[in-house]
Amino acid sequence: MFVLNLSAENWVGNQDEGNLIKSPTWNQIEQAIRELNGKTKTLVTLGADDESYMSIGGGEFGKYIVNITFDNVSFYNLVEPSKPDAIEKLVVGGQEGNYSAKMCVNLETALLAAQTFTASGELQKSLELTLPVLQ
């Protein structure tokens, strides 16, 4: 398995009391992603090393943000290009932010991306990534 650790937030008030699991199983990873609720649990990070990791955030209303880096320099966002050019509000990492609707994927897509990354360190071929546009 490519993923070496799982970090899952758990916000209690303004304190993150989340945990770190070394050598997580796929069941532990899937459970952590399914528990994302956009309120107390807003971010799961799957780490392989200091440079490669995937983050899945959000969860409220079935909307998730997935990003990935292979070098800790370039960060790619999972996108659904067929979605409209609109802005969605999601809580990720304990903070509300504005995200392009194209970046908001459903649970099934987030789980598929996480499962492929967990197993091989790659992105599922059927999914599309983009670099964020800096403004």
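Apply the Karplus parameterisation 6.51 cos²θ - 1.76 cosθ + 1.60, with θ equal to phi minus 60°, to every residue of the stretch 71-81 and state each ³J(HN,Hα) to the nearest whole Hz, in sequence, with x for glycine and proline.
Values, residue by residue: 9, 6, 10, 9, 10, 10, 9, 6, 9, 10, x Hz.
To the nearest Å, what is the center-to-center distance of the stretch 78-119 and the stretch 22-69, using C-alpha atoms only?
11
Could you give me the ³J(HN,Hα) list for the stretch 99-106, computed from phi with Karplus coefficients 6.51, -1.76, 1.60 and θ = phi - 60°, whole Hz, x at Gly and Pro?
10, 4, 4, 4, 8, 8, 9, 7
Around Glu128, with a cut-off of 12 angstrom between Cβ atoms, what is the net charge of the other residues, counting Lys and Arg +1 and Asp and Glu -1?
Value of the local net charge: +2.
Mind listing which GluC sites (Glu not before Pro) in the stretch 5-113 are in a DSSP loop and have 14 or fewer other Cβ atoms within 10 Å?
Glu17, Glu35, Glu51
For the chain, with every protein chain kept in place, what is the accessible area per residue (1.4 Å probe, Å²)?
56
What aspartates and glutamates could a cross-link reach from Lys41, if we take a straight Cα to Cα line under 15 Å and drop same-chain neighbours fewer than 8 places away?
Filter leaves Glu9, Asp16, Glu17, Glu30, Glu60, Glu96.
For the chain, what is the per residue volume of the convex hull drawn over the alpha-carbon atoms, in cubic angstrom?
Convex hull of Cα atoms, per residue: 106 Å³.
The values are calculated or read from the model by the stated rules, or taken from the named source; none is laboratory data. A quick note: this is a predicted structure, and the numbers were derived from the prediction, not measured. Heads up, the Cβs are rebuilt from the backbone with ideal geometry, glycines too, and the neighbour counts pull from every protein chain shown. Calculation scope for accessible area: heavy atoms of the full protein, side chains included, ligands and nucleic acids excluded. Shrake-Rupley method; radii C 1.70, N 1.55, O 1.52, S 1.80 Å.
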